[in-house]
Amino acid sequence: MTPDLLAPDPALHDLPPALRAEAAAQLQNHESALASLVADLDDKLHFVQALVLLTNQRLLSRAPDGTWQSWPYRRGLALKLHDHAGVGHLELMDAHARLAVWRFTLTHNLHATRLVDQFQIYQTSFESGAPPVVPEGHRCPSCKAPLAPDEDECPICTKVIHTPPSTWTLLRLWRFAKPYKGQLLAGLVLTLLGTAASLVPPYLAMPLMDEVLIPFQNGQHIDPMLVAGYLAGLFGAALLAWGLSWAKTYILALVSERIGADLRTTTYDHLLRMSLEYFGGKRTGDLMSRIGSESDRICVFLSLHLLDFASDVLMLVMTAVILVSINPMLALVTLVPLPFIVWMIRSVRFRLQTGFEKIDRVWSAVTSVLADTIPGVRVVKAFAQEDRESARFKEANKQNLAVNDKINKIWSVFAPSISLMTELGLLVVWGFGIWLVSQSEITVGVLMAFISYISRFYGRLDSMSRIVSVTEKSASAAKRIFDILDHVSSVPEPTQPVKLARVEGRIDLTDVSFRYGNREVNKGINFTIQPGEMIGLVGHSGSGKSTLVNLICRFYDVSEGSIKVDGVDVRALPVADYRRHIGLVLQEPFLFFGTIAENIAYGKPHATRAEIIAAARAAHAHEFILRLPQGYDSMVGERGQGLSGGERQRISIARALLIDPRILILDEATSSVDSETEKEIQNALENLVKGRTTIAIAHRLSTLHRADRLVVMDRGKIVEVGTHDALMAAEGAYYNLYQAQARNMDVDMDDEKDRRRDDQ
């Protein structure tokens, strides 16, 4: 039997095939799997492949060496989940000891959370003797996997299930077209008149054939003035149709470009107001593709294809009216291929919808590779990974080619089939028309006019069928753009904003907790920072320091509790107004492509040159800026290429100084520079922190000697607060951190002495 037949349980369907087969073999009669977790780290944090499996009878574990253990449900059994420094820990305990521990990377945290939830349900059932109570809707309707209690949809399924775009999505573009409704109405009227003018020549062909050509062929005399009149009518109709077509095309092209520009501007503006949480789950190349190529596709659809579609509809309606007025029986025959064409359009439309959305997703993956690689080209070259990145791009491009080939295969059958239907319809009209002429029901002129109209009718029908492809592409593009516009920021603007006339800088944190998805990062933090006080945040990596700073900056909103500035909850303050009072100096300062002066003045674009120079002097950046070829007008490469790390950091400090913030955030501002550069930056920071409420995160504890108080964090909580001397005397968490760092520094100094001795 295959592993799938051995293990029908949905809890096993995400496991690798080999593990799935082993797990299925462990299941006994009447035993079903509830949840599984791949524990991919050992106690030394090396990658391994272990498995934790929960059933309705027990908890099983497969060790990396392939041995299995099991623990049936019993009283006192408990399963606890926590994470630290990016590593998840799952512990099984009873009343006496810890029975087992499994470690895993946080990519498996969702499965771990589900496993713990299911364990608690069945453990409670065992201890109470009552049947297990699984909340209604606690399993995903698609994959049947158990959901966490607070989940409305399956996070795994939502990553792979994509709703195909609906053509009705295009109607939502009216929001952007509404300001130009006058021009659109003018374009519609011109389209109507232009279509009517293009229908005049076939109508004039009837008398030209019956009153001029056929009598002349039979030896009768023709009136030259009559011929000239008909020819003038044909020329005038053609000239009028050309003029009206030119006017409508020009007007609607201008309107569509403005709609496209408004769409891009609105989308980008909305994107900038999204929280950092939104960008954490998106790829740069995908967002660039949506704002760029997707809006361009919509613009082309509005300026060309929508206009053609409207013209085709008008042509079909007017042509049908004329055909019925000429000969109803012959007009009815023209509709013979129409049901087949409609059936083909309906049958291929859904496949095009899903196909074009796949094309958009795959193309965004191609652009994402470029967006990853080009900015990081220095790292690529440093590790000699050009071939690897080239292979990654080829793979993405190969997937793009495969999806396009699939769509082209569908379209290559559809388009010629429509053309064949229209040709057969024209053949039927010819045959029936010749029979009517032979029966003296119609004249040859009527038949020729009919054939001319029919050719236009079928031509526009063929054109309309081809617009299906363009329409579905545009609907897919519109869906991807409205996915951005419909997303509500997790850091919303207050409905009744409070404005602070002046910020003093007092910060109160009350019961602050924050969860990132299923991961709890900060828990129950209570702390007050006085105006003008300098606070140093210290702790291991992953202890929640940077997250706490992000909450104070309101890059994220707290899950529980509140953060107040001068007694006002930050959620009640307008986001942009609040952040103007915050100066941020990051570990890796980001500089934009532009001049040195423009980068310093980024937070205050209208700053005078004197203000810019004053800020640079205070940041100890003036001297090295003057040594550049064009001084303050020297161009900075993308991301600050051409400047050293210390120079970029001092420009970042000058940028913060210029806006004169009341609250200052220093996030590892000196961790990535050498000792000499660190002294320069420390001198610049002394000017920056004067009179401001300052929160400094530092890897090197020695850099926090100016801090009024030190806050020690561990696992998302504040464990110690005090001055350096007081914390050292307490010999607690800070003391251990300081001693460990001092030992590392001694080792580094000894290594340096040994290297110098060897060099001598």
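Some points to look at:
- Considering the stretch 301-321, and only residues there that are surrounded by fewer than 18 Cβ atoms within 10 Å (Cβ to Cβ) and among the β-branched types (Val, Ile, Thr), the residue that is nearest to Ala247 (Cα to Cα) turns out to be Val313.
The rows are residues; the columns are (1) at pLDDT 75 or above; (2) open to solvent by 30 Å² or more (accessible area, probe 1.4 Å); (3) not in a helix (DSSP H, G or I).
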{"site": "Met421", "(1), (2), (3)": "yes, yes, no"}
{"site": "Leu424", "(1), (2), (3)": "yes, yes, no"}
{"site": "Val428", "(1), (2), (3)": "yes, yes, no"}
{"site": "Trp435", "(1), (2), (3)": "yes, yes, no"}
{"site": "Ser455", "(1), (2), (3)": "no, yes, no"}
{"site": "Gly459", "(1), (2), (3)": "no, yes, no"}
{"site": "Ser463", "(1), (2), (3)": "no, yes, no"}
{"site": "Ser469", "(1), (2), (3)": "no, no, no"}
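- Here is the figure for the stretch 316-347: residues that are over 29 Å from Thr191 (Cα atoms) and modelled with pLDDT under 75 total 1.
- Some residue of the stretch 363-378 being closer than 20 Å to Glu472 by Cα and at pLDDT below 70: yes
Table: residues versus (1) surrounded by fewer than 12 Cβ atoms within 10 Å (Cβ to Cβ); (2) in contact with a helix residue (DSSP H, G or I) (Cβ under 7 Å, 6 or more places away or on another chain); (3) at pLDDT 50 or above.
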| position | (1), (2), (3) |
| --- | --- |
| His138 | no, no, no |
| Arg175 | no, no, yes |
| Leu184 | no, yes, yes |
| Leu192 | no, yes, yes |
| Ala197 | no, yes, yes |
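- If you go through the stretch 51-79 and keep only what is charged (D, E, K, R), surrounded by 13 or more Cβ atoms within 10 Å (Cβ to Cβ) and either without any contact (Cβ under 8 Å) to a residue 40 or more places away in the chain or in contact with a Gly (Cβ under 8 Å, 6 or more places away or on another chain) (or both), you end up with just Arg58.
- Where strands (runs of 3 or more DSSP E) sit wholly within the stretch 529-595, those with at least 1 residues that are surrounded by fewer than 18 Cβ atoms within 10 Å (Cβ to Cβ) occupy 560-565.
- There is no residue in the stretch 624-631 that is within 28 Å of Arg519 (Cα to Cα) and open to solvent by 40 Å² or more (accessible area, probe 1.4 Å).
- Residue check for Gly76: at pLDDT 85 or above and on the phi > 0 side of the Ramachandran plot: yes
- Residue list for the stretch 253-269, restricted to those being more than 16 Å from His305 (Cβ to Cβ), open to solvent by 50 Å² or more (accessible area, probe 1.4 Å) and touching a helix residue (DSSP H, G or I) at 6+ places or on another chain (Cβ under 9 Å): Leu254, Arg258, Asp262, Arg264, Tyr268
- Sole exception among (1) closer than 30 Å to Gly182 by Cα; (2) touching a Ser or Thr at 6+ places or on another chain (Cβ under 8 Å); (3) open to solvent by 90 Å² or more (accessible area, probe 1.4 Å) for Leu240, by number: (2)
- Test: residue in the stretch 638-657 that is in contact with a Lys or Arg (Cβ under 7 Å, 6 or more places away or on another chain), outside any loop (DSSP other than H, G, I, E, B) and either at pLDDT 85 or above or basic (Lys, Arg) (or both): no
- Scanning the stretch 414-432 for residues that are out of contact with any helix residue (DSSP H, G or I) (no Cβ under 7 Å at 6 or more places or on another chain) and within 18 Å of Val470 (Cβ to Cβ) yields a single hit, Pro416.
- Condition met for Lys409 (among the charged types (D, E, K, R), modelled with pLDDT under 75 and open to solvent by 90 Å² or more (accessible area, probe 1.4 Å)): no
- Some residue of the stretch 487-503 being crowded, with 22+ Cβ neighbours inside 10 Å and not β-branched (Val, Ile, Thr): no
- Looking across the stretch 283-293, the residues that are open to solvent by 80 Å² or more (accessible area, probe 1.4 Å) and modelled with pLDDT under 75 come down to Arg283, Thr284.
- Residues in the stretch 16-30 that are loosely packed, with under 14 Cβ neighbours inside 10 Å and of a type outside the set (A, V, I, L, M): Pro16, Pro17, Gln28, Asn29, His30.
- Pairs are defined by a Cβ separation below 8 Å, a sequence spacing of at least 6 or placement on different chains, a first member in the stretch 413-427 that is of a type in the set (Ser, Thr, Tyr), and a second member that is assigned to a helix (DSSP H, G or I); the pairs so defined are Ser417/Met344; Ser419/Asp462; Thr422/Ile341; Thr422/Tyr458; Thr422/Gly459; Thr422/Leu461; Thr422/Asp462.
The values are calculated or read from the model by the stated rules, or taken from the named source; none is laboratory data. What you see is a predicted model; the values in this text were computed from it and never measured. Positions of Cβ are backbone-derived with ideal geometry, glycine not excepted, and every protein chain shown enters the neighbour counts. Surface accessibility is based on the protein's heavy atoms, side chains included, excluding ligands, DNA and RNA. Shrake-Rupley method; radii C 1.70, N 1.55, O 1.52, S 1.80 Å.
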